[in-house]
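The values are calculated or read from the model by the stated rules, or taken from the named source; none is laboratory data. Values in this document were obtained by computation on a predicted structure and should not be read as measured data. Note that each Cβ is placed from the backbone with ideal geometry, even for glycine, and that neighbours are counted across all protein chains shown. For accessibility, only protein heavy atoms count, side chains too; no ligands or nucleic acids. Shrake-Rupley method; radii C 1.70, N 1.55, O 1.52, S 1.80 Å.
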Amino acid sequence: MDRGLYQPDDTICYWGLVKPREQENTLPERITVSITKWEGWQDSITLKSEQVTLDSFTFSGRIQLPNLVPGYYTMVVASQGETIVQQGFEVQRYEKPAYRLKAEPDRKAVLAGKTMKFTVSAVCFEDTPVPNVLLNYSLDQAGQITTDSKGQAELTFTPKYSRQFYSVSHRYLYLHTSMPECGEISGGTPVIVLNNDMEIETKGEIVSDTGEVEIQLKKLSVDKVNRGEKEAWEKDAFVSGPAAHRSVRVSVLRREWDKINDGEYYDFINKRVEQRFRYEERRVPVTEGQVTTDNNGKAVFKFGADPKASYFVELKSYDYKGDEVVREMYLSGNSFFRDEEYPWYYLSGDKAGAYDTAKYAPGERVKLR
């Protein structure tokens, strides 16, 4: 589908791909494309349907909506009564906005404490500028700007440092008109903020009676993303190298639960009044210390641990800007978060190994042992 919102009598343009999962399966010559609406919880009614011929696994077409009542509908692609794929869309009566708002940042990502600029434009759909438009914006804080004779305005943004467990945060510049218009007029752009120029990565385990935490400190920079060498979602997009010879403060806290009486309730099965309890987490300090990373930005911290207990390990350092970098990890000698008073079971099929997930084809028989 070309979008997710339509007028009641719009035309939907669609395109798709149909290909058999197994080579021996035959491909149908034609498929059915339908517009449906759910009635109740399980039943759906077909409002319009058409047959489409496949062309080298692909199909495309246009379907005219039959002046639908505003609401939520589904386009269903099926073959011989079996649904292949379906996608929902909304139908509403709306007015096309008189103009549109755009915001273009001067960079893709910014480091906390640094300033970035946005060029905001109000233009008609044929690219005619709209001057003297008062716009509301929100990005960490709210404000107003007015477009000039060219329909443009400038906006600066300097994100502040905030103490958090993740170095990269995603914000959004939201713009909307302050005066009533014909249809909602809004726009904006995403903003990537690097809270610290250093991050802490950890992994650890409890072996016998010793907890071991491996620490890796990395330098961070927005340069690769802003130059277009990396996308923000790619692995190590912001990493510029190891953070060597940096001190890390480590605190270990044992996780415990306090059983607190929370009143009474009536057990209808056993016909008696029972006590109700709730459990509150409590963190008990175990030990703390300090380590310094080597030339590769790595360090190891060890502590005495109960293999049946669970621990939180809090790490704190300071980046190259002098801002605090924090990280917290959970460490447990048990493989699962579970109450040891209850037995656990799992289903193992004839195709599953010691740590494998069994895989079966539809209709295949499963042998249990």
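Numerical summary
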read-out	value
Segments classed as strands (runs of 3 or more DSSP E), wholly inside the stretch 290-369, with at least 3 members that are modelled with pLDDT of 70 or more and under 30 Å from Lys160 (Cβ atoms)	310-318, 324-332
Strands (runs of 3 or more DSSP E) lying entirely in the stretch 85-143 (those with 2 or more residues that are open to solvent by 60 Å² or more (accessible area, probe 1.4 Å) and touching a Ser or Thr at 6+ places or on another chain (Cβ under 9 Å))	100-105
Residue satisfying all of: in the stretch 153-183; surrounded by 14 or more Cβ atoms within 10 Å (Cβ to Cβ) and without any contact (Cβ under 8 Å) to a residue 40 or more places away in the chain; farthest from Arg246 (Cα to Cα) among these	Ala153
So Asp2, is it in contact with a Pro (Cβ under 8 Å, 6 or more places away or on another chain), in contact (Cβ under 8 Å) with a residue 12 or more places away in the chain and not small (Gly, Ala, Ser)	no
Residues that are assigned to a loop (DSSP other than H, G, I, E, B) and open to solvent by 30 Å² or more (accessible area, probe 1.4 Å), drawn from the stretch 184-220	Glu184, Ser208, Asp209
Residue check, Ile269 in contact with a Lys or Arg (Cβ under 6 Å, 6 or more places away or on another chain), exposed (fewer than 11 other Cβ atoms within 10 Å of the Cβ), more than 30 Å from Ser221 (Cβ to Cβ) and modelled with pLDDT of 75 or more	no
Some residue of the stretch 45-52 being open to solvent by less than 60 Å² (accessible area, probe 1.4 Å), closer than 28 Å to Arg93 by Cβ and either modelled with pLDDT of 90 or more or under 34 Å from the mean Cα position of the chain (by Cα) (or both)	yes
Breaking point among (1) farther than 27 Å from Val110 by Cα; (2) without any contact (Cβ under 8 Å) to a residue 24 or more places away in the chain, for Cys124	(2)
Of all residues making up the stretch 55-79, the number that are touching a Cys at 6+ places or on another chain (Cβ under 9 Å) and not aliphatic (A, V, I, L, M)	3
